[in-house]
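Just so it is clear, none of the values below were taken in a lab; they were calculated from the coordinates. Small disclaimer: the values here were computed from a predicted structure and weren't measured. Cβ coordinates were reconstructed from backbone atoms using ideal geometry, including for glycine residues, and neighbour counts include every protein chain displayed.
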Amino acid sequence: MDAIFWQWLLLTTFGVVFLKFGPSAKTVKHFFEGTSAKGKQPNLVVLTSSLIISWIFAKSITNAANLSLSFGMVGAVAYATYYGSFVVAGIIIYQLRTQGGFQSLHHFLQHKYGRGAVYLFSILVGFRLFNEVWSNTMVIGSYFGAAGSTNYIAAVLVFTTLTLLYTLKGGMSSSIFTDAIQMIFFGILLFIILGIILPQSEFEFSSYVQSGTWSMSTGLNLFFVALIQIFSYPFHDAVLTDRGFLSDPKTTLKSFLWASVIGFICIVLFGFVGVHAKLLGLEGQAAVEVGKVLGVGMMLLMNFIMITSAASTLDSAFTSGAKLFVKDLVLFRKVTVRKGRLAMLIFAVLGTLPIFLNPTILSATTISGIMVQGLAPVFLLWKMKSRPIAFHLSVGVGMVIGIILAFGFWPTEFVFFEGQYGDLLSANLIGTILCFLCYTLGSINSNEATANYSVGSH
């Protein structure tokens, strides 16, 4: 039996086991808030595990490996910098809950900026969740065949369906439950993979650590992009922010801080796979090619770690998508589990369609990241007296700059850095400054604006 048989067996077994043993949600609180059957909130270990594994997705570790293949360890460190998002989001969400009394980001936006801000913010969040579906499932497909091939499409559809089924069963409770298991799997598999690669390598350990050149054109452009985006990027990621309201504020803050440190380390460690591919002179998808070189056993391990990480993010995306459209937007008089499940199903179908258009994996992070740069002043300056126009000006400018860059219309006169991602860094730098200026201008003469930032003050 060839490798593809074992890959299919691995994929189907993974989904069937989670479907069989995953929790079944009976109440709205169980389905949308991830409480246990006895009503208990996730503890520190469970919540931290959920945060880490829901962000160490297939797209993420694939990008880390590929960037390490291109730039050496510089690429891995640059991409791992995005995990600073947990520190920023954790602190702001803690303040929103303890000082403002808000129960969600939508609650805060509705209170301070009105319904229009909630709708615009939801479009950004929805776009992010939409990207999470195709960008993770296409990584799984790449292990079964070339993009567009029968095996590729079949793997994407089977993986999406199996993940959807166990998530429909338990909602957020399923996502939290499986996250804890998937985090254990990921840690063990990462240890095994590095334990195989490094001892058998003909290269010195120093060759891995010292790989790459620390210059702007060879990876540092992306490092500074991440350093700028961590102040806006996390707030449009419902997979991350939804978990900021599941446990008590202190437990949540601790879990966010721990997740930042552990997540950073995990991504850098997985970067060794990409560096190994670079030292061997391989081309293509780093993790896939390394798996092929080291045989069927390693290929299956790589496949399993991708399935584990992709499933953790996909079930979270389905859960957050359902919560966004059924609960956060308040589109229905009554929130029910049935409506949440229907929203998941629609979301899964729409999120799978881009697979047939062969999009680029990394674009799901970098482009959506720059389009939401206007959220930085909205949340970092959340106590500042401001008018609704301040929100719309800041977010609107960020979206316009993101669209200009996405369509390749960013003027070369405003590219200040050489090499790959030089235009992205330039646009982020200019855009962030403009967003803060617009937010400040929109807050001038805000005597009639929301003077009190605490819900409890009304």
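With the convex hull drawn around the C-alpha atoms of the chain, the volume per residue stands at 132 Å³. Divide the volume of the convex hull around the Cα atoms of the stretch 108-190 by the residue count and you get 140 Å³ per residue. Centre-to-centre, using Cα atoms only, the stretch 256-278 and the stretch 34-94 are separated by 10 Å. Our helix-only sum for the chain, with -39,500 (n - 2.57) per DSSP H run of n ≥ 4 divided by its residues, gives a mean residue ellipticity at 222 nm of -23000 deg cm²/dmol.
The residues neighbouring GLY126, those whose beta-carbon lies less than 14 Å from its own, together hold a net charge of -1 under the Lys/Arg +1, Asp/Glu -1 convention. All alpha carbon pair distances within the stretch 1-101 were sorted into 5 Å bins beginning at 0; the resulting P(r) in whole percents reads 2, 9, 10, 14, 17, 14, 15, 10, 6, 2, 1, 0, 0.
Within 11 Å, Cβ to Cβ, of LYS112, how many net charges do the neighbouring residues add up to if Lys/Arg are +1 and Asp/Glu are -1? Overall, the nearby charge balance is +3. A simple packing score, the average count of other Cβ atoms within 10 Å per residue, orders the peptides 61-72, 269-280 as 61-72, 269-280, with the highest score first. A run of the chain free of exposed loop cleavage sites, with GluC sites (Glu not before Pro) counted only in DSSP states other than H, G, I, E and B and at most 11 other beta carbons within 10 Å, reaches its longest extent at 1-201.
Past the 18 angstrom mark, what percentage of all C-alpha to C-alpha distances in the stretch 190-324 do you count? Roughly 67 percent, once rounded to a whole number.
Dipole magnitude for the stretch 3-358: computed about the Cα centre from +1 point charges on Lys and Arg Cβ and -1 point charges on Asp and Glu Cβ, it is near 1620 debye.
For the stretch 59-98, taking the reciprocal of the average inverse distance between every pair of different Cα atoms yields a Kirkwood hydrodynamic radius of 11.3 Å. Each residue of the stretch 410-419 was assigned a 3J(HN,Hα) from its phi angle through the Karplus expression (A = 6.51, B = -1.76, C = 1.60, θ = phi - 60°), giving 5, x, 5, 5, 10, 9, 9, 10, 7, x Hz with x at Gly and Pro. In angstrom, the C-alpha Rg and Dmax of the stretch 267-390 are 20.3, 60. Taken as Cα centroids, the stretch 342-358 and the stretch 371-416 sit 28 Å apart, rounded to the nearest whole angstrom. Its residues counted as N, the stretch 380-443 yields a C-alpha radius of gyration over 2.2 N^0.38 Å of 1.24. The phi-based Karplus calculation (6.51 cos²θ - 1.76 cosθ + 1.60; θ = phi - 60°) puts the 3J(HN,Hα) values of the stretch 114-120 at x, 5, x, 5, 4, 5, 5 Hz, whole numbers, x for Gly and Pro. Our coupling estimate for the stretch 213-228, obtained by passing each phi through the Karplus curve with A = 6.51, B = -1.76, C = 1.60 and θ = phi - 60°, is 10, 7, 9, 4, 7, 10, x, 6, 4, 5, 4, 6, 4, 4, 5, 7 Hz, Gly and Pro reported as x.
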